[in-house]
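Written out below as structure tokens is the structure these notes cover.
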Amino acid sequence: MSICGIIYFITSYTQSLEGNSTDSQIQTMFFATAGIVYIPLGMWMLRNRLHSRGPYVISILVSILLVVLYVASRTINLPIVGIQTDVGTVDVITKIIQVGIIAISARLVQDLKKEQVLPTVR
């Protein structure tokens, strides 16, 4: 989670260097917000130690949203960014990490559900 957050912070910084247009500033804020969400979420997951499903469900939702927005930005004309034609190495790496976050978090949520449903035998 934190690695993905750091990547989004770096992307935010490089986006801010591209110009002062409104579109560029919105994209910079978007990437910074994604970084701000991922880093505390990763820390919450570490502190939680599988005691509740909250951080895992939120990480699934955030990651799905970011992957869907990425795919949409490459396939349809979005209001702010238009259609992006570039697919960079950083893009691919973050999407792989996000799919991993979705898969691992979904598995952990499923395991937590099983633990809560099954009574413990003593």
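Bear in mind these aren't lab numbers, they're just calculated from the coordinates by the rules spelled out. If you're wondering where the values come from, they're calculated on a predicted model, not measured in any experiment. Heads up, the Cβs are rebuilt from the backbone with ideal geometry, glycines too, and the neighbour counts pull from every protein chain shown.
As for the range 45-59, it holds no residue that is assigned to a helix (DSSP H, G or I), over 28 Å from residue 107 (Cα atoms) and either of a type in the set (Asp, Glu) or in contact (Cβ under 8 Å) with a residue 40 or more places away in the chain (or both). Against the conditions (1) surrounded by fewer than 16 Cβ atoms within 10 Å (Cβ to Cβ); (2) touching a residue at least 60 places away in the same chain (Cβ under 8 Å), residue 23 satisfies every one except (2).
Exactly one residue among 42, 5 is in a helix (DSSP H, G or I), in contact with a Ser or Thr (Cβ under 8 Å, 6 or more places away or on another chain) and among the small types (Gly, Ala, Ser), and that residue is 42. Every condition in (1) within 16 Å of residue 3 (Cα to Cα); (2) touching a helix residue (DSSP H, G or I) at 6+ places or on another chain (Cβ under 8 Å) holds for residue 104 except the one numbered (2).
Look at (1) in a loop (DSSP other than H, G, I, E, B); (2) in contact with a Leu (Cβ under 9 Å, 6 or more places away or on another chain); (3) of a type outside the set (Ser, Thr, Tyr) and you find that residue 19 fails only one, number (2).
Taken over the range 73-89, residues that are more than 18 Å from residue 24 (Cα to Cα) and aliphatic (A, V, I, L, M) amount to 1.
Scanning the range 10-20 for residues that are at positive phi and surrounded by 13 or more Cβ atoms within 10 Å (Cβ to Cβ) gives no hits.
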